[in-house]
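Some notes on the structure that comes next.
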Amino acid sequence: MRLLVTGATGYLGWRATVLLRERGHTVTALTRPGARDRAAARGLDIVACDAGDPAARDLVAGHEAVLHFAGIPDPARARVDPAAAVRANVGTTLNLLEGCAHHGVALVYPSSVRAALEPAPDPYAASKRLGEEACRLHTAPTAVVRLASVFGPGQVAWEGATGAIAAFVARALEGRPIVIPGAPGRTRDFLYVDDLVEGLERLLREGPWDRMLTAASGTSTPLLEAARAARDAAGTGVEIELPGGDLPPGENESYAPSSADGRLSLTARPLREAVTDYVDWLRRHPAAEGRAQA
């Protein structure tokens, strides 16, 4: 297939670009000018263009589908600047939808399981929900995929990536205590990124379009259990600290996939196996040099 991937130097976009190219697809990797430098993405064949630039609509031509990973994936950044989150997560989506409708191309919009909650727990969830609405209201064929907590290769805490398992693994590899503020029993559905990409590839081949889907492993895991899995995979035996305390709105909640949505067809590997695979990748990553103690 001929695919356009936005946010291609970011975590999810980079991994999708690499794996889909390995599987024989022709992928145009789009990233905004001045995007953050990430070691894994150096040397990646890319096209520099902001997904919100009107010029991006013309870049859609000649492709069969767009995987739209560009945006603000970080709840903390969305809290600081909600308007920027709406521009990045909604405005770029509408811009690309216009290009898709004009050129007869489908768009996959990766959203979040947080977006299923009403009222929205934070500005990030609100911005993703508004992006979903843009897809629902538009004439272009779309698939909205609400993501659980996706982790794995490409997600590097030392380069600023967020995510519980990324933070836990980085601390364990450095030999520092893993810290879980708030309620350590709150749960997340953790999904390995390679399993997500396998499901997205199947969606691109088979559909369905114009549906709401959830990408998840199907298992809700307490953060404390995830921290233990990260520590065991790193093999460092660091302490796990539970200081408690208050967290920003939306952060101290458990998030489970909505039962009302369809499921993205995928095969999710067990959490401990996935964390071990991630640690093996991270140890080989250039950003780990001089940091991993084990």
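The values are calculated or read from the model by the stated rules, or taken from the named source; none is laboratory data. Source: prediction; values computed, not measured. Cβ: placed from backbone, ideal geometry, glycine included. Neighbour counts: every protein chain shown.
Hey, can you tell me all the residues within region 112-135 that are in a loop (DSSP other than H, G, I, E, B) and under 15 Å from Asp189 (Cβ atoms)?
Once the filter is applied, which keeps residues that are in a loop (DSSP other than H, G, I, E, B) and under 15 Å from Asp189 (Cβ atoms), region 112-135 yields only Leu117.
Identify, by number, the condition in (1) closer than 19 Å to Thr139 by Cα; (2) touching a helix residue (DSSP H, G or I) at 6+ places or on another chain (Cβ under 9 Å); (3) in a helix (DSSP H, G or I) that Ala101 doesn't meet.
Here Ala101 clears every test but (2).
Among the residues of region 9-34, count how many are assigned to a strand (DSSP E or B) and among the aliphatic types (A, V, I, L, M).
Adding up the residues that qualify gives 3.
Please verify whether region 36-59 includes one or more residues that are of a type in the set (Gly, Ala, Ser), closer than 23 Å to Leu147 by Cα and out of contact with any helix residue (DSSP H, G or I) (no Cβ under 8 Å at 6 or more places or on another chain).
Restricting attention to region 36-59, the residues satisfying the condition of being of a type in the set (Gly, Ala, Ser) are 39-41, 43, 48, 51-52, 55-56.
Now restrict to residues that are closer than 23 Å to Leu147 by Cα: 40-41, 51-52.
If we keep only those that are out of contact with any helix residue (DSSP H, G or I) (no Cβ under 8 Å at 6 or more places or on another chain) too, we end up with none.
No, that holds for no residue.
Have a look at Thr26, Thr6, Thr17 and point out the one that is in contact (Cβ under 8 Å) with a residue 12 or more places away in the chain, out of contact with any His (no Cβ under 7 Å at 6 or more places or on another chain) and surrounded by 21 or more Cβ atoms within 10 Å (Cβ to Cβ).
After applying the criteria, what remains is Thr17.
Within region 227-243, is even one residue of a type outside the set (A, V, I, L, M, F, W, C), surrounded by fewer than 19 Cβ atoms within 10 Å (Cβ to Cβ) and closer than 22 Å to Arg114 by Cα?
The answer is no; no qualifying residue exists.
Against the conditions (1) part of a helix (DSSP H, G or I); (2) under 21 Å from Leu196 (Cα atoms); (3) among the β-branched types (Val, Ile, Thr), where does Val66 fall short? Just the number, please.
(1)
Could you list all residues from region 67-126 that are modelled with pLDDT under 95 and closer than 20 Å to Gly207 by Cβ?
Result: no residue meets the conditions.
Sort through Leu213, Leu247, Leu200 and tell me the only one that's of a type in the set (A, V, I, L, M), part of a helix (DSSP H, G or I) and in contact (Cβ under 8 Å) with a residue 40 or more places away in the chain.
After applying the criteria, what remains is Leu200.
Just need a number here: residues in region 35-63 that are small (Gly, Ala, Ser) and either assigned to a helix (DSSP H, G or I) or within 20 Å of Ala157 (Cα to Cα) (or both).
Of the residues in that region, 6 qualify.
Pairs please, first residue from region 251-269 and closer than 23 Å to Leu223 by Cα, second anywhere and part of a loop (DSSP other than H, G, I, E, B) and hydrophobic (A, V, I, L, M, F, W, C), Cβ atoms under 7 Å, 6+ apart in sequence or on different chains.
Asn252/Ala183; Pro257/Ala148; Pro257/Ala216
Give the residue that is nearest to the chain's Cα centre (by Cα), with candidates limited to residues of region 216-244 that are of a type in the set (S, T, N, Q) and not in a strand (DSSP E or B).
Ser217
Looking at the structure I just gave you, is Ala260 surrounded by 12 or more Cβ atoms within 10 Å (Cβ to Cβ) and modelled with pLDDT under 95?
no
Among Pro153, Pro141, which is touching a Lys or Arg at 6+ places or on another chain (Cβ under 7 Å) and either closer than 16 Å to Leu94 by Cα or surrounded by fewer than 22 Cβ atoms within 10 Å (Cβ to Cβ) (or both)?
Pro153
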